[in-house]
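Q: Handing you this structure, nothing more for now.
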Amino acid sequence: MEDAQEKKKIKIFVDNNNLATVICHSCGHAKQFDVTKFINLNKTLRCRCKCGKSFFCTLEFRQYFRKKTKLSGHVTFLQDHLQYKIIVNNVSQDGINFSTLTACDIKIGDMLEVIFTLDDAKKTVISKRIEVKSANDRLIGCCFTDTQLYDKDLGFYLR
């Protein structure tokens with residue numbers, strides 16, 4: 001029978017050189033390896049440590065950390081100004097994932113403006129232009145298109 005440690009998936013972040021560092025949660029042994037051959041695979045990998053323990057991991061190739069959230073906001077189509085209420089599921093320095101509260105016709109390539117309020121002490125309002133990169137029913141993934149590369153308020157929130 002597998003123990004709980006084996007069933008738990010560990011998320012491993014991959015650096016810009018496609019190197020991932022796996023750390024065994026049983027003994028603390030760390031090993032870095034090249035994961036280039038796994039770039040296009042969306043699979044759970046089984047790792048076995050030299051201590052004998054095995055565990056499952058998923059590789060995260062994102063450039064920026066994503067923070068899970070549950071923030072309210074809205075998106076507006078730039079062309080016709082139609083507006084929809086949303087819940088922000090997660091946010092990073094370069095993108096956002098949200099769910100619309102009602103069905104709407106958001107498609108890959110659509111240009112929108114998103115406005116949402118952070119749950120920080122200042123209740124900071126974030127307003128950004130976004131491009132839709134994935135759309136699955138009411139679950140939408142977007143990247144920020146603003147020319148400003150670093151948003152100080154958002155960066156502080158993501159720390």
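The values are calculated or read from the model by the stated rules, or taken from the named source; none is laboratory data. None of these values were measured; they are calculated from a predicted model. Cβ: placed from backbone, ideal geometry, glycine included. Neighbour counts: every protein chain shown.
Q: Looking at the range 38-61, can you tell me whether even one residue there is of a type in the set (D, E), more than 20 Å from L154 (Cα to Cα), modelled with pLDDT under 85 and over 16 Å from the mean Cα position of the chain (by Cα)? It would help to see each step written out before you state the result.
A: Our first condition is that a residue be of a type in the set (D, E); within the range 38-61, this holds for 60.
From the residues that got through so far, the ones that are more than 20 Å from L154 (Cα to Cα) too are 60.
Then keep just the ones that are modelled with pLDDT under 85; that gives 60.
Filter once more, so that each one left must be over 16 Å from the mean Cα position of the chain (by Cα): none.
Checked the range 38-61: no residue is of a type in the set (D, E), more than 20 Å from L154 (Cα to Cα), modelled with pLDDT under 85 and over 16 Å from the mean Cα position of the chain (by Cα).
Q: How many residues are in contact (Cβ under 8 Å) with a residue 24 or more places away in the chain and not hydroxyl-bearing (S, T, Y) if we restrict to the range 19-49? Before the answer, list the steps.
A: Going through the range 19-49, the residues in contact (Cβ under 8 Å) with a residue 24 or more places away in the chain turn out to be 20, 22, 24-27, 35, 44, 47, 49.
Among the residues that remain, those that are also not hydroxyl-bearing (S, T, Y) are: 20, 22, 24-25, 27, 35, 47, 49.
Residues flagged as in contact (Cβ under 8 Å) with a residue 24 or more places away in the chain and not hydroxyl-bearing (S, T, Y) within the range 19-49 amount to 8.
Q: Got a sec? Which of K37, K50, K31, K85 is touching a His at 6+ places or on another chain (Cβ under 7 Å) and not assigned by TED's automatic domain parsing to the domain that holds L154? Let's see the steps before the verdict.
A: On the way: K37 fails: touching a His at 6+ places or on another chain (Cβ under 7 Å); K31 fails: touching a His at 6+ places or on another chain (Cβ under 7 Å); K85 fails: not assigned by TED's automatic domain parsing to the domain that holds L154.
The match here is K50.
Q: Here's a follow-up. Taking the range 51-85 only, how many residues are touching a residue at least 12 places away in the same chain (Cβ under 8 Å) and either over 30 Å from N40 (Cα atoms) or basic (K, R) (or both)?
A: The first filter runs over the range 51-85 and keeps only residues touching a residue at least 12 places away in the same chain (Cβ under 8 Å), leaving 51, 53-79, 82, 84-85.
Then drop every residue that is not either over 30 Å from N40 (Cα atoms) or basic (K, R) (or both), which leaves 53, 62, 66-68, 70-79, 82, 84-85.
Final tally of qualifying residues: 18.
Q: Can you tell me which residue among D120, D105 is assigned to a loop (DSSP other than H, G, I, E, B), assigned by TED's automatic domain parsing to the domain that holds T145, surrounded by fewer than 16 Cβ atoms within 10 Å (Cβ to Cβ) and in contact with a helix residue (DSSP H, G or I) (Cβ under 6 Å, 6 or more places away or on another chain)? Write out each step before concluding.
A: Values: D105 fails: in contact with a helix residue (DSSP H, G or I) (Cβ under 6 Å, 6 or more places away or on another chain).
Of the residues listed, the single one that is assigned to a loop (DSSP other than H, G, I, E, B), assigned by TED's automatic domain parsing to the domain that holds T145, surrounded by fewer than 16 Cβ atoms within 10 Å (Cβ to Cβ) and in contact with a helix residue (DSSP H, G or I) (Cβ under 6 Å, 6 or more places away or on another chain) is D120.
Q: Counting just the residues of the range 12-32 that are modelled with pLDDT under 80 and not aromatic (F, W, Y), which one comes out nearest to E60 (Cα to Cα)?
A: Filtering the range 12-32 down to residues modelled with pLDDT under 80 leaves 13-17.
Next, from what is left, pick out any that are not aromatic (F, W, Y): 14-17.
Values: V14: 6, D15: 9, N16: 11, N17: 13 Å.
Going through the qualifying residues, I end up with V14.
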